[in-house]
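The values are calculated or read from the model by the stated rules, or taken from the named source; none is laboratory data. Please read these numbers as outputs of a predicted model, since none were measured by experiment. Every residue, glycine as well, gets a Cβ built from its backbone with ideal geometry; the counts of neighbours run over all protein chains shown.
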Amino acid sequence: MEIQPKPPRINTEQNTLKGVFLGLFTVLIGSILSVVVKLIASDVNVFTIVFSQFTLCLLCTVPWIIQQGVKELKTNQPMTHFTRGIFGCLSFYAFYFSINHIPLAEATLLRHSAPLIVPLILFICFKTSIPSLRWLALCLGFIGIAIILRPSGEQISPWHIVGLFSGIGLAFSMVLTRRLSKDEPEKRILFYYFLISLIVSLPFFITHFEPIPLRVLPGLLLIGFGMYFAFIPYTRAYAYAKSSIVSATSYFAVIYAGFFDWLIWNTLPEKYAIIGTLIILFAGFIILRQSMDEEKRNQELC
C-alpha cells in the first residue's frame, strides 16, 4: 500500500506581497457582505444570520472531507482550533449587532481596530516584545478609539463597546490563525473553525428562532457562501505574512464602509469620528511600516 505523504502546511516561505494582496481581497469581500447583513437585519435576527453563515461555510468543506477522508481531520492543536473558533464566532455576533445600531463605518473601524490589539495579545500571552515606536502607535490608536467611543463627550454608547469587543475577538482570531497556519493545512483550519462556530451558534439560533422570510434567503446564501470564499484567502494570507502585517490591511474596510454608508444610507461621519479614524489609520501605518522593516532586516540577516 502506498503511504500518502502528510499534507504540508499552507506555505513554506514568507511572501509579504502575496499576504497583503490576499488580505486586501478578503477585506473587500467582507465589506460587501457587511452591507448585505445590515440590509437584511430588519427581516431576520443576528442569531439566524450567524448560524446560517457557518452552516453554509461548513457544508462547503464537505467535498474536501469526501476527497481526502476523515483521517485528514486529525490535529495536534485541538485547543488552538477550539479557542480560535470561540473568539471568531463571538466576534461576528458583536459586529453584526453593532452594525444594526451604529453607522457601518464606525462599527467597521472598531472591529478593524484588531491590528492595534494584536501586539498586546502577543505581548501578554506569548511574551513577544514590543518596540518603543510600536508602543507609541498603540497609544495613538487607543486615543483614536476613545474619541470614537465618546464623540460628543456624552455617555459611551453600549453598541460602540460591542463593536470594540468585535475587534478584540478578531485580534485573537488573527493571532491564532497565524499560529495554526504554520503547521496545519488550510482546509483543516477552516473545517474546525466553521464546525466550532456552528456548535457555538446553535443554542442561540434555537432559543431565538424566528421564521425566515423567503425574501432574505438570497441574502443569507450570499453571506454564507461569500464568507467561505473570503476565509480561504484570509487563512492563506496569514501563512504568507506576519499577522501584524496582514491585519493592517483590514483598515481598508473603513474606507469601503464609509463609501457604502454614504451611498446606501446617506450617512456621513461626524467630525469626531473622522478625527478618531485618521488617528487610528496613522497608528496602523506606523505598525505596518515597522513590521515590514523588521521583516526586511530579518531577510538580510539570513
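Considering only residues of the range 100-114 that are more than 10 Å from the chain's Cα centre (by Cα) and part of a helix (DSSP H, G or I), which is farthest from Leu138 (Cα to Cα)?
The qualifying residue farthest from Leu138 (Cα to Cα) is Leu104.
If you go through the range 157-180 one residue at a time, do you hit one that is modelled with pLDDT under 85, in contact with a His (Cβ under 9 Å, 6 or more places away or on another chain) and surrounded by 15 or more Cβ atoms within 10 Å (Cβ to Cβ)?
Within the range 157-180 (the criterion being modelled with pLDDT under 85, in contact with a His (Cβ under 9 Å, 6 or more places away or on another chain) and surrounded by 15 or more Cβ atoms within 10 Å (Cβ to Cβ)), the answer is yes, since at least one residue qualifies.
Out of the range 50-74, which residues are surrounded by fewer than 17 Cβ atoms within 10 Å (Cβ to Cβ), more than 30 Å from Val216 (Cβ to Cβ) and either small (Gly, Ala, Ser) or in contact (Cβ under 8 Å) with a residue 40 or more places away in the chain (or both)?
Answer for the range 50-74, where residues must be surrounded by fewer than 17 Cβ atoms within 10 Å (Cβ to Cβ), more than 30 Å from Val216 (Cβ to Cβ) and either small (Gly, Ala, Ser) or in contact (Cβ under 8 Å) with a residue 40 or more places away in the chain (or both): Gln68, Gly69, Leu73.
For the subset of the range 200-218 comprising residues that are in contact (Cβ under 8 Å) with a residue 12 or more places away in the chain and hydrophobic (A, V, I, L, M, F, W, C), which member is surrounded by the fewest Cβ atoms within 10 Å (Cβ to Cβ)?
Only one residue tops the list, namely Phe209.
Yes or no: Val27 under 16 Å from the mean Cα position of the chain (by Cα), modelled with pLDDT of 75 or more, β-branched (Val, Ile, Thr) and closer than 16 Å to Ala237 by Cβ?
The answer is yes for Val27.
Please tell me if Thr80 is under 14 Å from Phe172 (Cα atoms), touching a Lys or Arg at 6+ places or on another chain (Cβ under 7 Å) and touching a residue at least 24 places away in the same chain (Cβ under 8 Å).
Yes: the conditions hold for Thr80.
Can you name every residue in the range 172-199 that is closer than 18 Å to Glu72 by Cβ, polar (S, T, N, Q) and either free of Cβ contacts under 8 Å to residues at least 24 places away in the same chain or in contact with a Gly (Cβ under 9 Å, 6 or more places away or on another chain) (or both)?
None - no residue of the range 172-199 is closer than 18 Å to Glu72 by Cβ, polar (S, T, N, Q) and either free of Cβ contacts under 8 Å to residues at least 24 places away in the same chain or in contact with a Gly (Cβ under 9 Å, 6 or more places away or on another chain) (or both), so the list stays empty.
What are the residues in the range 248-284 that are among the hydroxyl-bearing types (Ser, Thr, Tyr) and farther than 14 Å from Arg111 by Cβ, if any? Walk me through how you get there before you give the answer.
Filtering the range 248-284 down to residues among the hydroxyl-bearing types (Ser, Thr, Tyr) leaves 249-251, 256, 267, 272, 277.
Once the filter is applied, which keeps residues that are among the hydroxyl-bearing types (Ser, Thr, Tyr) and farther than 14 Å from Arg111 by Cβ, the range 248-284 yields Thr267, Tyr272.
Here's a check for you: in the range 228-245, which residue that is more than 11 Å from the chain's Cα centre (by Cα), in a helix (DSSP H, G or I) and among the hydrophobic types (A, V, I, L, M, F, W, C) is farthest from Leu122 (Cα to Cα)?
Ranking the qualifying residues of the range 228-245, first place goes to Phe229.
With the requirement that a residue be farther than 30 Å from Leu268 by Cα and without any contact (Cβ under 8 Å) to a residue 40 or more places away in the chain, what does the range 127-150 give you?
Passing the criteria: Lys127, Thr128, Ser129, Ile130, Ser132, Trp135.
Among the residues of the range 250-266, write down those that are in contact (Cβ under 8 Å) with a residue 24 or more places away in the chain and either surrounded by fewer than 16 Cβ atoms within 10 Å (Cβ to Cβ) or out of contact with any helix residue (DSSP H, G or I) (no Cβ under 7 Å at 6 or more places or on another chain) (or both).
Within the range 250-266, Ile264, Trp265 meet the criteria.
Of the numbered conditions (1) at pLDDT 95 or above; (2) touching an Asp or Glu at 6+ places or on another chain (Cβ under 7 Å), Thr55 satisfies every one except a single condition; which is it?
Single failed check for Thr55: (2).
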